[in-house]
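**Student:** Once you've had a glance at the structure underneath, I'll fire off some questions.
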Amino acid sequence: MNDRRLPHSELLQLKRWNTPTIYNGWEIITKHDRTTGFNMEETKDYMPQMGPMVGYAVTVQFEPSNPDHPKSNPNAWSEYRKYVASVPGPKIVVVQDLDKPRVIGAFWGEVNSNMHKALGCVGTIVDGAIRDIDEMTNAGFKALARRMCVGHAYSTPVRWGIEVEVFGCKVQPGQLIHADKHGFLVIPQEDEPRLLEASRFMDDNECSTVIPAARSAAGRSSEDILSAIDAAGAQFGQNVQRKFGSAGEW
């Protein structure tokens, strides 16, 4: 569990950018493989109008096809909710559907979304289905999921507070997550302190070099445009090298 969390002021600022911009910042400060840490499979954002969500992971597995789970632990929901309540917010509930690739039932609907919202959760990433889309939206609870479905079947928490795998990405409890309509990014704890600085820098760097070079093309020859873009790209990389000591790409 992550005991050194970013203050809400920084989380709110991270929420101002989309997830690809956060990735751009992350890749210039991390020592991890830049091909890991995000969804390997397509996600669907069912509330894109809410914009990005940022929070720390609480994790749970469920298996709605199995009627034995509610019988074997009739207190599972209560015990699981105590776990969720014990973790500081904001939180994103990361749910692994053990029935995958089948979709038998939904972990999320109107009731569960409102309960988790009351416990400090801002949304969910579930490698399965959701239902009650309008009611979830009214609750202010964002969801990235595979699809929708009608019922919940034997939906009950099976294990929680453990490593889960969703959309081909492993997530540990307490990891910082940034998610939007593009997908989600899981931040290693050691990269959290400089994430905001790096993301802000990369956004500013793009807006002062390569983007204006491309947008000032009107009335210019192809040779001039290509030369200007090359020069802006070089300046972009030099800015990243000077600031972070690593190569920047756009």
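**Student:** Out of all the residues in region 188-204, is one or more over 24 Å from ALA76 (Cβ atoms), over 19 Å from the mean Cα position of the chain (by Cα) and free of Cβ contacts under 8 Å to residues at least 60 places away in the same chain?
**Tutor:** Yes.
**Student:** Just one of the numbered conditions (1) assigned to a loop (DSSP other than H, G, I, E, B); (2) more than 21 Å from VAL126 (Cβ to Cβ); (3) more than 16 Å from the chain's Cα centre (by Cα); (4) not aromatic (Phe, Trp, Tyr) is not true of THR35; which one?
**Tutor:** Answer for THR35: the failing condition is (3).
**Student:** What's the number of the only condition in (1) crowded, with 18+ Cβ neighbours inside 10 Å; (2) not assigned by TED's automatic domain parsing to the domain that holds ASN24 that ARG146 fails to meet?
**Tutor:** (2)
Table: residues versus (1) within 19 Å of THR36 (Cβ to Cβ); (2) in a strand (DSSP E or B); (3) touching a Ser or Thr at 6+ places or on another chain (Cβ under 7 Å); (4) not assigned by TED's automatic domain parsing to the domain that holds PRO90.
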| position | (1), (2), (3), (4) |
| --- | --- |
| GLY140 | no, no, no, no |
| VAL150 | no, no, no, no |
| SER155 | no, no, no, no |
| VAL158 | no, yes, no, no |
| PRO173 | yes, no, yes, no |
| ALA179 | yes, yes, yes, no |
| VAL186 | yes, yes, no, no |
| ALA198 | yes, no, no, yes |
| ALA213 | no, no, no, yes |
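**Student:** Inspect region 223-235 for any residue being more than 22 Å from PRO90 (Cβ to Cβ) and either of a type in the set (Val, Ile, Thr) or touching a residue at least 40 places away in the same chain (Cβ under 8 Å) (or both) and give the result as yes or no. First the steps, then the outcome.
**Tutor:** Start the filter on region 223-235 by keeping residues that are more than 22 Å from PRO90 (Cβ to Cβ), which leaves 223-235.
Now restrict to residues that are either of a type in the set (Val, Ile, Thr) or touching a residue at least 40 places away in the same chain (Cβ under 8 Å) (or both): 225, 229.
Scanning region 223-235, I find at least one residue that is more than 22 Å from PRO90 (Cβ to Cβ) and either of a type in the set (Val, Ile, Thr) or touching a residue at least 40 places away in the same chain (Cβ under 8 Å) (or both), so the answer is yes.
**Student:** Scan PRO64, PRO48 and give me the residue that is farther than 15 Å from LEU196 by Cβ, in contact with a Leu (Cβ under 9 Å, 6 or more places away or on another chain) and not small (Gly, Ala, Ser). Working first, answer last.
**Tutor:** Values: PRO48 fails: in contact with a Leu (Cβ under 9 Å, 6 or more places away or on another chain).
Being farther than 15 Å from LEU196 by Cβ, in contact with a Leu (Cβ under 9 Å, 6 or more places away or on another chain) and not small (Gly, Ala, Ser) holds for just one of PRO64, PRO48, which is PRO64.
**Student:** Tell me, which residue of region 197-220 that is buried (at least 16 other Cβ atoms within 10 Å of the Cβ) and of a type in the set (D, E, K, R) is farthest from ALA232 (Cα to Cα)? First the steps, then the outcome.
**Tutor:** Of region 197-220, the ones buried (at least 16 other Cβ atoms within 10 Å of the Cβ) are 198-203, 205-206, 209-210, 213.
From what's left, of a type in the set (D, E, K, R): 200, 203, 206.
Values: ARG200: 18, ASP203: 14, GLU206: 9 Å.
Result: ARG200.
The values are calculated or read from the model by the stated rules, or taken from the named source; none is laboratory data. What you see is a predicted model; the values in this text were computed from it and never measured. Virtual Cβ from ideal backbone geometry, glycine too; neighbours counted across all protein chains shown.
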